[in-house]
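In what follows, a single structure is set out as structure tokens and then discussed.
The values are calculated or read from the model by the stated rules, or taken from the named source; none is laboratory data. Since we're looking at a predicted model, the values are computed, not measured. Here the Cβ is made from the backbone with ideal geometry for all residues, glycine too, and neighbour counts use every protein chain on show. Note: areas computed on protein heavy atoms with side chains; ligands, DNA, RNA excluded. Shrake-Rupley method; radii C 1.70, N 1.55, O 1.52, S 1.80 Å.
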Amino acid sequence: MELDPSAAESLLDAIPELAPLDEHNRTLAANVHPADWQNPKPSGRYNLVVIGAGTAGLVTAAGAAGLGAKVALIERRLMGGDCLNVGCVPSKALVRAARVAAQVRDAGRFGIRVPAGVEVEFPAVMERMRRLRAGISPNDSAARFRGLGVDVYIGQAAFTGPRTIQVAGQTLDFKYAVIATGARAARPNIDGLAEAGFLTNETVFSLTTLPRRLAVIGAGPIGCELAQTFARFDAQVFLIGNHPRVLPKEDPEAALRVEKAMRRDGVEMSLDCTIRRVELRGKEKVLHLECGQARRELVVDEILVGAGRTPNVEGLNLQAAGVQFSEREGVQVNDRLRTTNKRVFAAGDVCSRYKFTHAADAMARIVIQNALFWGRAKVSGLTIPWCTYTDPEIAHVGLAEHEAKERGIAYRTFTQELNGVDRAILDGEDEGFVKVIATPKGDKILGATIVAAHAGDMISEITLAMVGGLGLSTIARTIHPYPTQAEAIKKIGDAYNRTRLTGFVKWLFGKWLSWTR
Ligand SMILES: Cc1cc2nc3c(=O)[nH]c(=O)nc-3n(C[C@H](O)[C@H](O)[C@H](O)COP(=O)(O)OP(=O)(O)OC[C@H]3O[C@@H](n4cnc5c(N)ncnc54)[C@H](O)[C@@H]3O)c2cc1C
């Protein structure tokens, strides 16, 4: 797409996420924020007006329009939201490149010599990411949604009353509205941080040179994925967390395995630490840490903040619509995703503690049912798995063992280490485990945690079992191809079956077999 220099400059001023404005990011912009876009003229009341064209908004708009509803979709920045532009898509492209670098570095273990060693060409890695992201972007584009029959408006939306929304000088009347405005990186209140300058997920994917030394603030999923990735690109990475271990929401044993792998990749950890202040010394950024009694200084070239998400509620004039919200928790919704205005729903990161693309998608489907068809679908009815794409990955669904303990829920655990699974051994990926939490009696699965190279793919089998009400004995009956890492799950089914072989049953079998000899 051709843009004259002043148009390019003003586009980058408005949306710095599009830097560098090379051919790939121009293609991206042409799809998800077309410079020459003409907003439609509203004619009559909409069945549904959706604010925000991230996953939650796109799925709601496409689904409702497909069912024949008159739908408007409003986006102020980039259609596709965080996931396409500054979240899942670019991060997973980089995670993959980093995994390749790590595998080549590790090739000697497989008897493969790489005499010249590994050289990461960071600009090429980033260009690949931009190319792939641009290639995916037509799916979320303004043109595609117009083709689906959705009225796409580019501009900032704000309520002007309980049944009206304003965008780019026009007022839209709605029967129902959906707030799907997502979340952004939380800005931690650390003395000197703003003055020193820092990256977030909104700017890190625009880098074209690799920072030599990078401090990552926040040891949650985003911090861990990117810390390991940049370490594998050969940056010196310091990960700073205020909890004693990484990924504090995960099973502690699982998080420790990931922590070990990250340390092996060269990530230097400062856990259980507080950042007292940040200071700019020439071009260097100095973080002053307090870790227990110890004080430490970290000197880096860049700081990346991945310390939680803040819901996008400001500027929406939610008061005018009678929608209650808080700056921290976002839009207040009930189990059916209805806000305090019964004609307004919310979905995705703006109202949920499950800040994942697939959760936003599932919530959008609930909103379509509940808003358009008097449905009674509930968020509490969802079984939401998740995965952090470190290497190894860590995936989880349902109840975790530490939660069961805290809540006094009776349970049994079945654990299968990957060093007992042939395929994991052969792949050289045997440092994880599958842990299933089940009811103390019977074979009902309450939850599972998996640490494995492809844990995110493996967790779906357990999620399916939970959703379908299938227990461990069904998993044991299911033939898994040999050799696969998913056999770890089958082995857990077998382990459950062995618990059914009580002393008495075994004695009875023995008697029967000797009698029939
Ligand atoms: C680095 C990173 C990696 C991630 N990786 C994964 C992953 O691997 N897997 C996964 O499941 N999740 C991942 N996530 C989370 C995922 O991106 C989000 O959960 C998902 O994008 C939420 O979708 P959403 O529609 O709720 O919000 P968003 O995608 O944030 O979309 C909201 C949209 O609303 C627009 N908007 C806001 N206010 C207004 C307004 N007033 N008017 C008009 N438009 C407005 C915004 O511009 C935005 O485009 C990742 C997130 C990050 C940051």
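What the table below lists for this structure:
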item	result
Test for Ala424: is it open to solvent by less than 20 Å² (accessible area, probe 1.4 Å) and part of a helix (DSSP H, G or I)	yes
Considering residues of segment 184-219 that are open to solvent by 30 Å² or more (accessible area, probe 1.4 Å) and aliphatic (A, V, I, L, M) only, the residue farthest from the ligand (Cβ to nearest atom)	Ala194
Within segment 8-93, helices (runs of 4 or more DSSP H) holding 3 or more residues that are at pLDDT 95 or above and away from the ligand (no atom under 14 Å from the Cβ)	23-32, 55-66
Search result, residues across segment 320-353 that are in a loop (DSSP other than H, G, I, E, B), closer than 11 Å to Ile179 by Cβ and within 14 Å of the ligand (Cβ to nearest atom)	Val323, Val333, Leu337, Ala347, Cys351
Options Ile275, Ile303; residue that is away from the ligand (no atom under 16 Å from the Cβ) and modelled with pLDDT of 95 or more	Ile275
Test: residue in segment 361-383 that is within 25 Å of Ala495 (Cβ to Cβ) and either open to solvent by 10 Å² or more (accessible area, probe 1.4 Å) or at pLDDT 95 or above (or both)	yes
First in segment 335-352 and open to solvent by 10 Å² or more (accessible area, probe 1.4 Å), second anywhere and more than 16 Å from the ligand (Cβ to nearest atom) and assigned to a strand (DSSP E or B), Cβ under 9 Å, 6 or more apart	Arg343/Lys175; Arg343/Tyr176
Test set (1) outside any helix (DSSP H, G or I); (2) within 13 Å of the ligand (Cβ to nearest atom); (3) under 17 Å from the mean Cα position of the chain (by Cα); (4) surrounded by 14 or more Cβ atoms within 10 Å (Cβ to Cβ) - Asp391 fails condition number	(2)
From the options Ala448, Ala488, Ala455, residue that is more than 27 Å from Val379 (Cβ to Cβ), buried (at least 23 other Cβ atoms within 10 Å of the Cβ) and either small (Gly, Ala, Ser) or touching a residue at least 40 places away in the same chain (Cβ under 8 Å) (or both)	Ala488
Verdict on Asp443 being free of Cβ contacts under 8 Å to residues at least 24 places away in the same chain, surrounded by 16 or more Cβ atoms within 10 Å (Cβ to Cβ) and away from the ligand (no atom under 16 Å from the Cβ)	no
Leading residue by the ranking (nearest to the chain's Cα centre (by Cα)) among those in segment 220-274 that are among the β-branched types (Val, Ile, Thr) and open to solvent by 10 Å² or more (accessible area, probe 1.4 Å)	Ile222
